[in-house]
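Peer 1: Take a look at this one; I'll ask things after.
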Amino acid sequence: MRPTRNYLEQQLGPRTFQLTVSPGPLAIFHGGQWLPLDGTLQGSGGIWRPGRTAYGLEIANDGSRMFYPDADDLSRYLSIPRLPFLPNPRSVSGDSITWENARYRVTFRAEVARVKMDVLFKQRPPFDSITIPITARSMSFTDILAQAVAVDATGLERVMPMTIGPNSVRIDLDFTGMVFPVQLDPTINPQPAASADDVRIRTNTWSATQENFSAGNDGTGIRLSSAARFVLTGPASGATVNACTFTWRANANRSTSGVNTNIYCEDADDAAQIVSTVEFDGRSKTAGTAYDSIAAETTGTDYTSPDFSADMQTVLGRAGWASGQHCNMFWENDASTTSSHRSAYSYDGDSTNCEKLNLTYTNPSAGGGPVFRILNVR
């Protein structure tokens, strides 16, 4: 298998290097050199393949696919035919290929470490199970496919029974009491529970009702820093963080340079709401991740932070952490140029488009197969 590593070193000048480090793989050894992993799909002859991954993947326009655990060993593979309910037409964007109609939306995503599938049922389907035929050669797929989790329009979450046989996987669908649309193995997007779940500090003035989620400098001696509180339903104590970023939507046009900030998590089992400047500054925080030289912002555009998995791993690695508890994320000024900052929608500014935490994690095995989940929380 092509070796991977969790850091990427790039030479920027004769004696200047840039080092990027992450708990998950960032680079792959290919063609005699270390190169960044790239899941971007590239099409040729009706077949789509990721740009640069340790695994091999081929997705046809009709949705049938071949998966190779090792991109350099084509003798070991899973062959999966087209899902019988897969709609047309398909669209491709970045690392994702999607089929959608009035009833369903099916997306395959070529992430750098694995392949993920999401199914959105926009209305109740005319069947109560999904059977996926699989042909496996020189490998077992029981360590790749695990549980299927569904979440409805109200946030109700349910594990759908999955049966793994020698030649197929069957998922039994139980939509009793669920409100459509329902997403299977989903990306979850609940919002902050209340206005007080995100706060802003301007110099030493605390506010839980400001319409801006901001960080940087707002004038001579005026700092802007913010914090957001998220409930994390899913990751258990000791879960492995594969990726963690936050996405924010700009609520202004700003092009000033020199916006330098840091991202922290509160080092606590179940973080409480922040109710004062003293609490904002006094909470115990993780080591932090730099978010510097932030590019110009355009109103209505989404931006994503650097990965701060190490900070989130500190929280999920606590002995007292449990699924369903809260985590505070801090976005703080770090010597930004005077009057240089970035501003996003807060809960009070736009509860639909406020800041979002993107957390990919793997829970510890509890006797069954590993459970892989992606959690996006607003």
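The values are calculated or read from the model by the stated rules, or taken from the named source; none is laboratory data. What you are looking at is a predicted structure, and each value in this text was computed from that prediction instead of being measured. As a convention, Cβ positions derive from the backbone with ideal geometry for all residues, glycine included, and neighbour counts pool all protein chains shown.
Peer 1: For the stretch 207-216, state whether one or more residues are surrounded by 23 or more Cβ atoms within 10 Å (Cβ to Cβ) and touching a Gly at 6+ places or on another chain (Cβ under 8 Å).
Peer 2: Initial filter on the stretch 207-216 (surrounded by 23 or more Cβ atoms within 10 Å (Cβ to Cβ)): 213-216.
Cutting the leftovers down to touching a Gly at 6+ places or on another chain (Cβ under 8 Å) gives us 213.
So far as the stretch 207-216 goes, yes, one or more of its residues are surrounded by 23 or more Cβ atoms within 10 Å (Cβ to Cβ) and touching a Gly at 6+ places or on another chain (Cβ under 8 Å).
Peer 1: Still on this structure: Note down all Cβ pairs under 9 Å where the first residue falls in the stretch 293-319 and is assigned by TED's automatic domain parsing to the domain that holds TRP248, the second is acidic (Asp, Glu) and buried (at least 22 other Cβ atoms within 10 Å of the Cβ), and they're at least six residues apart or on different chains.
Peer 2: Filtered contacts from the stretch 293-319: TYR303/GLU297; VAL315/GLU266.
Peer 1: Something else about it: Which pairs do you get when a residue that is in contact (Cβ under 8 Å) with a residue 24 or more places away in the chain and on the phi > 0 side of the Ramachandran plot, found in the stretch 55-73, comes within reach of a residue that is surrounded by fewer than 18 Cβ atoms within 10 Å (Cβ to Cβ) and of a type in the set (A, V, I, L, M, F, W, C), reach meaning Cβ atoms under 6 angstrom, with the pair 6+ apart or on two chains?
Peer 2: GLY63/LEU86
Peer 1: Residues in the stretch 108-117: is at least one aromatic (Phe, Trp, Tyr), assigned to a strand (DSSP E or B), touching a residue at least 12 places away in the same chain (Cβ under 8 Å) and touching a Ser or Thr at 6+ places or on another chain (Cβ under 9 Å)?
Peer 2: So in the stretch 108-117, the residues aromatic (Phe, Trp, Tyr) come out as 108.
Now restrict to residues that are assigned to a strand (DSSP E or B): 108.
Imposing the further condition that a residue be touching a residue at least 12 places away in the same chain (Cβ under 8 Å) reduces the set to 108.
Now drop any that are not touching a Ser or Thr at 6+ places or on another chain (Cβ under 9 Å), which leaves 108.
Yes, the stretch 108-117 contains a residue that is aromatic (Phe, Trp, Tyr), assigned to a strand (DSSP E or B), touching a residue at least 12 places away in the same chain (Cβ under 8 Å) and touching a Ser or Thr at 6+ places or on another chain (Cβ under 9 Å).
Peer 1: Now a separate question. If I filter the stretch 262-275 for residues that are small (Gly, Ala, Ser), over 16 Å from MET329 (Cβ atoms) and touching a residue at least 24 places away in the same chain (Cβ under 8 Å), do I get at least one hit? Show your work before the answer.
Peer 2: We begin by selecting, within the stretch 262-275, every residue small (Gly, Ala, Ser); these are 268, 271-272.
Okay, now just the ones that are also over 16 Å from MET329 (Cβ atoms), so none.
Looking for residues that are small (Gly, Ala, Ser), over 16 Å from MET329 (Cβ atoms) and touching a residue at least 24 places away in the same chain (Cβ under 8 Å), one finds none in the stretch 262-275, hence no.
Peer 1: Sticking with this one: Take the residues of the stretch 127-162 that are under 22 Å from GLY63 (Cβ atoms) and surrounded by fewer than 12 Cβ atoms within 10 Å (Cβ to Cβ): which is modelled with the lowest pLDDT?
Peer 2: ARG137
Peer 1: I need the strands (runs of 3 or more DSSP E) fully contained in the stretch 338-378, keeping only those with at least 1 residues that are among the hydrophobic types (A, V, I, L, M, F, W, C), modelled with pLDDT of 80 or more and closer than 21 Å to VAL151 by Cα. It would help to see each step written out before you state the result.
Peer 2: Values: elements: 341-345, 356-362, 372-377.
Strands (runs of 3 or more DSSP E) meeting the threshold: 356-362.
Peer 1: Further question on the same structure: From the list ALA54, ALA60, pick out the single residue that is of a type in the set (Gly, Ala, Ser) and either touching a His at 6+ places or on another chain (Cβ under 9 Å) or modelled with pLDDT of 90 or more (or both).
Peer 2: Values: ALA54 fails: either touching a His at 6+ places or on another chain (Cβ under 9 Å) or modelled with pLDDT of 90 or more (or both).
The unique qualifying residue is ALA60.
Peer 1: As an exercise: evaluate TYR77 against (1) within 26 Å of the chain's Cα centre (by Cα); (2) buried (at least 18 other Cβ atoms within 10 Å of the Cβ) and give the number of the one condition it does not meet.
Peer 2: All conditions pass for TYR77, except number (1).
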